[in-house]
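To start, the structure under review is shown below, and the notes come after it.
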Amino acid sequence: MSSNLIVQKYGGTSVGTLDQIRNVAKRVKKSRDAGKDVLVVVSAMAGETDKLLEMANKLSDLPERREIDLLLSSGERISSALLSIALHGMGCPAVALTGRQMGLVTDDTHTRARIKAINAGRATDILKTNHVVVCAGFQGVNDLGDVTTLGRGGSDTSAVALAVALKADVCEIYTDVRGVYTADPRMVPNARKLNMVSFEEMLEMASLGAKVLQIRCVEFANNFNMPIVVRSTFDETDQGTRIGQENPDMEQPVVSGVMYDKDQSKITVKGVPDQPGIAANIFNALAEAAISVDMIIQNVSAEGHTDISFTLHTTNLKEAMSIMEKKGKEVKAESVSADSNISKISVVGAGMRSHSGVAARIFSTLSRESINIMMISTSEIRVSCIIDKQSTEQAVRALHGEFKLDEEPKRVSQPATDASPAT
Ligand code: ADP
Ligand code: ASP
Ligand code: MG
C-alpha cells in the first residue's frame, strides 16, 4: 500500500543561511500543497557542528562525550525551530520536535549512538492535524533521558529511521550536489552522476568516504528495504540518484566509483612480544570503547617481537591513543605512535566479483603517478589503499581516468569464467 507520507532530509549546506532556510521552506510547502503529509529532518546550519566542537576542544583535550552530545544537539534544535518558524511565516503550519520529542531512543554510546526504537506517536498525531513535522536530526535520548547523537552525518540516519518507523514509501535526502557520483564531484570535475545505485554498492561507497550519505543510514535502508533518493536542494529538475535493491536496470560496470577518505589515521605499536593474546588484548580494548578499526597489518616477527599498525577514523584518534598508551605499557611495547598524514583511496564496483585484474590496474596507475602504497585491503567489490594525504587528489583523478568513469559504462555482458573476486 502506498503511503501519503514523504520524509525529506535537508543537510547543513541546504539550511546554512536564512535565505536557504526560506528556500527549503518553499520546497516543503510545495510538497504539502500537493496534498502530501511531510516530515522534514534537518541538520545543523553549515559549519555549526564544527564550530561547537572546536569550542569544546579548546576547553579540554578530551571533552566528555556525554557533554559533547548535549552541545552538538543544539545545532539541529536551532535549524529545526528556524525552519518551522519560516514555514509558519509562509502560512504553512508546522511543529518542530527535538529527538526526544520525536521518540527516538538510542543506546548509551555517546557521540556515535545506535537507534534502538522510535516511538513516533506524537509525530503521527501532529501529521494528522495537517501540520508539517520538522524534526531535529542527528539526535536521540538514551534510556536515562540523556541526549545522544548518531555520529557525524547522522541526520541521514535519523531520516531513514523515521521513514521506516512511519512507513513512508521513500526517504528523500536533499543536499548540495545532484546525487551520488562516480567520485566526489568537488574533487573530480568530470565525475558522472549515477542514476541508480544498489544498497550494497552504496554501503561500500559510504563506508569508504563518499560522505554524501552516512553509512548507518544505508545499513538501515538496506535492512528495512527503504529506498533513498539523493537529490539537490537547489536544482528542482534533476531526479537525483535512487538507491535500492539491485535490479537488472542498474549499471553493472566493473568499476563504478573512486572514493577517498582523508579523515584516516594510523597507529603503530612497535616492538610487542610476539605471543598469543596480544592482538586480542589490544583490539578488545578499542572494541570496548566502540572504536572501529579498519586495516590491520602485523609485521613478520623478528627476535620474538613484532609491530602492529592499524588505521581508524581520525575523530577517534585521541581517544584511541589514550587507550593504546595504557595498553602499550601493559603489553610491554617499545613505543606507540600516531600518523594522521594518510588517506584511504578506494575503487568500488559490483562487477569486480566476476572480473579480475582491477587491483593490478590500480597499483600500476599509482606507480605511474609515483604514489607509494602503505597498506592494502580488499573485499569482493572493492580495493582500498592507504597513501600519503598530499597525493589524494592526484590518485583519485588518475584512477577515475584509468577506469574511464566519466563515460557511460558498457554493460558487463560476459563474466569471466573464473568467478572469484577480482583481486
Ligand atoms: P549535507 O550537508 O547535505 O549532509 P554532506 O557535505 O554531508 O552534505 O555531503 C554532500 C557532499 O558529499 C558533497 O558536497 C560532495 O562534496 C561530497 N561527496 C563525496 N563523495 C561524493 C560522491 N561520490 N557523490 C556525491 N557527493 C560526494
Ligand atoms: N550536524 C551533524 C554533522 O555535522 C549531523 C549532520 O549534519 O547530519 O555531522
Ligand atoms: Mg551529510
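Before moving on, here are some points about what is shown:
- Helices in the chain, meaning DSSP H runs of at least 4 residues, each add -39500 (n - 2.57). Divided by all residues, the mean residue ellipticity at 222 nm is -10500 deg cm²/dmol.
- Relative contact order of the chain: 13 percent, from C-alpha pairs under 8 Å at least 6 residues apart in sequence.
- Of Gly357, Gly304, Gly154, the one that fluctuates the most in a GNM where the chain has Cα springs shorter than 10 Å: Gly304
- Cα gyration tensor category, rounded, prolate or oblate, for the range 96-193 with a/c compared to 1.5: oblate
- In angstrom, the C-alpha Rg and Dmax of the chain are 22.7, 76.
- For Ile297, Ile115, Ile278, order by how many other beta-carbon atoms lie within 10 Å, fewest first: Ile297, Ile278, Ile115
- Cβ crowding within 10 Å, taken as a proxy for footprinting-reagent exposure, orders Thr109, Thr182, Thr237 from fewest neighbours to most as Thr237, Thr109, Thr182.
- Positive minus negative residues near Glu236 (Lys, Arg vs Asp, Glu; Cβ under 13 Å): +2
- Gaussian network model of the chain, springs between alpha carbon atoms under 10 Å - residue of Gly121, Gly349, Gly153 with greatest fluctuation: Gly121
- With at most 10 neighbouring Cβ atoms within 10 Å, loop GluC sites (Glu not before Pro) (DSSP) excluded, longest segment of the chain: 1-235
- Pairs of lysine residues in the range 262-330 - Cα separation under 20 Å, sequence separation of 8 or more or cross-chain: 12
- Overall, the range 93-216 carries a charge dipole of about 200 debye about its Cα centre when +1 sits on the Cβ of Lys and Arg and -1 on the Cβ of Asp and Glu, all other atoms neutral.
- DSSP-defined beta bridges in the chain - what % are antiparallel, rounded to 5: 65
- Among Met250, Met102, the order by Cβ neighbours within 10 angstrom, fewest to most, reads Met250, Met102.
- Charged-residue dipole, Cβ positions (Lys, Arg, Asp, Glu), the range 9-76 about Cα centre, Debye nearest 20: 600
- Candidate lysines - alpha carbon under 16 Å from Lys26, same-chain residues fewer than 8 apart omitted: Lys9, Lys36
- Result for the chain in a Gaussian network model with C-alpha springs under 10 Å: among Val197, Val132, Val293, the largest mean-square fluctuation is at Val293.
- A simple count of charges around Thr315, restricted to other residues whose Cβ falls under 14 Å of its Cβ and scoring Lys, Arg +1 and Asp, Glu -1, yields -1.
The numbers here are math on the coordinates, done by the rules we state, and not lab data. Values in this document were obtained by computation on a predicted structure and should not be read as measured data. A quick note on method: Cβ atoms are made from the backbone with ideal geometry, for glycine too, and the neighbour counts reach across all protein chains shown.
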